[in-house]
1. Which of Thr97, Phe189, Leu108 sits farthest toward the positive end of the charge dipole of the stretch 7-201, with +1 on the Cβ of Lys and Arg and -1 on the Cβ of Asp and Glu?
2. Take peptides 184-196, 111-123 and line them up by average Cβ neighbours within 10 Å, highest first, as a rough protection proxy.
3. How high is the relative contact order of the chain, given as a whole-number percent (alpha carbon pairs under 8 Å, six or more residues apart)?
4. Please sort by residue number the chymotrypsin sites (Phe, Trp or Tyr not before Pro) in the stretch 223-320 whose DSSP state is loop and whose Cβ has at most 11 other Cβ atoms within 10 Å.
5. Compute the relative contact order of the stretch 7-201 as a whole-number percentage, counting only Cα pairs closer than 8 Å that sit 6 or more residues apart in sequence.
6. Given the convex hull over the Cα atoms of the stretch 7-201, what projected area results after averaging over all orientations, in nm²?
7. Hey, what do the phi angles of the stretch 281-287 turn into as Karplus ³J(HN,Hα) couplings, whole Hz, using 6.51/-1.76/1.60 and θ = phi - 60°, x for Gly and Pro?
8. Rounded to whole Hz and in sequence order, give me ³J(HN,Hα) for the stretch 332-338 from the Karplus expression 6.51 cos²θ - 1.76 cosθ + 1.60, θ = phi - 60°, writing x for Gly and Pro.
Amino acid sequence: MALFTPKKLPNATLLVIIITLMGAFAPMSIDLYLPAFLQIQEGLGTTDSEVKKTLTLFLVGLCIGMIFYGPLSDKYGRRNIILIGATTYSLTSIASTFIANIEGLQVLRLVQAIGAGACMVVGRAVIRDVFKGKQVAVMMSVVQVIMMIAPLLAPLVGVMLLYVFDSWRALFWALTFFGSMAFFLTFFFLPETYHKEERPDITLRETFYNYFLILKDRRSLGAMLGCALPSGITFAYVTGSSYLYQAKYGISELHFSILFGLNIVGVIVSAFLNIICLRRFNVITLVIFGLGWMSLAGIVMLVIGDHSLIGFFISTFLLMCVSGFIGNNIVSQIIELNYHRAGAAMALNSSTQFFVGAIASLIVTHHQEMLVPVMGISGILAVIAYLILYQPWREVRKTL
């Protein structure tokens, strides 16, 4: 990997493509194969809960990859970490196409996710290395908007591949191509963006101690829980919705992907509305609005979500489409609270989201009937944790 290193950065368009690929590892790896859950179950002669476990273990792997590879990239540089992550991801994707039992697929998904986590967290760090000032915010916004398309298109692409090749294994060949593209574009076009002379003289032990300091601060913990607990909604839905829609309500793979995509459209719309509202309202107001809406939607989910297809879809839409007012706004608060430990804070926040998602996914994996309660309670707990620990009225008082 060290034998060849590009001398200069690629043009802006190609750089955006590379960074976007890094960020899209999770939605592509998760949403692409959701329509194939029943096919995998039948093809490997296993149970629904064992297939769902492949998703739970993937989320655990993402959490591990992000929490470890962030500090490693600070110490050893970005480029090689991305190449190692993309190689791990691609090789495990290839192996998944030949696997003959569900236990092997579960192990491979765990390792695959560790590679994906490396690419995701380091890709964001590249933005901080290359751009300065307002350019960082602009690039983050551009990449985020493009990334929103991935979870919208991935289920549709998955359905298309299932129709064309009539095999769930084709989905992992598609992931192999995705991982290989990330590897080759990085190898041939992306130089090291974090040079040795710029790296802080800090040990990995000190870096992990920063995680402890962040969690020790009550307000930082409250902000992270406010940001992470809604992940319980997302990943409980991702884990259990395929079975619910296709097995319980009998809709087709195509119709499932359309319903799934409609929720993503709601997320995209709320993200754009948040950008518009930031011109008039401050961050704390929009966070409170978003979490308040989410808690009410959580109550709606608990009341009507388990009674009909329409009730579940409406309450899910209400829960998920408000996320645009929560995620990025709370992230900005986390950065402000941990300005001198921003890199560690971002890695910890991302891994916490996938950790909460893994717990929610694990519950639904073993108890499908808990899908609605987990989604509803996650939304309610998010606002409770944020209000009790972060105490947003402190910021309101400062502005008066």
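1. With unit charges placed on the Cβ atoms, the residue in question is Phe189.
2. Values: 184-196: 16.5, 111-123: 28.1.
Top of the packing list down: 111-123, 184-196.
3. 26 percent
4. On the way: sites: Phe235, Tyr237, Tyr243, Tyr245, Tyr249, Phe256, Phe260, Phe272, Phe281, Phe289, Trp293, Phe312, Phe313, Phe317; in loops: Tyr249, Phe281.
Sites meeting the loop and neighbour criteria: none at all.
5. Numbers: 266 pairs, mean separation 76.3, N = 195.
It comes to 39 percent, rounded to a whole number.
6. On the way: hull surface 43.6 nm².
That works out to 10.9 nm², a quarter of the Cα hull's surface.
7. 10, 7, 4, 4, 5, 5, 5
8. Calculated HN-Hα couplings, in order: 5, 5, 4, 5, 5, 6, 10 Hz.
We did not get these values from a lab; they are worked out from the coordinates using the rules stated. Please read these numbers as outputs of a predicted model, since none were measured by experiment. Please note: Cβ atoms are built from the backbone with ideal geometry, for glycine as well, and neighbour counts cover all protein chains shown.
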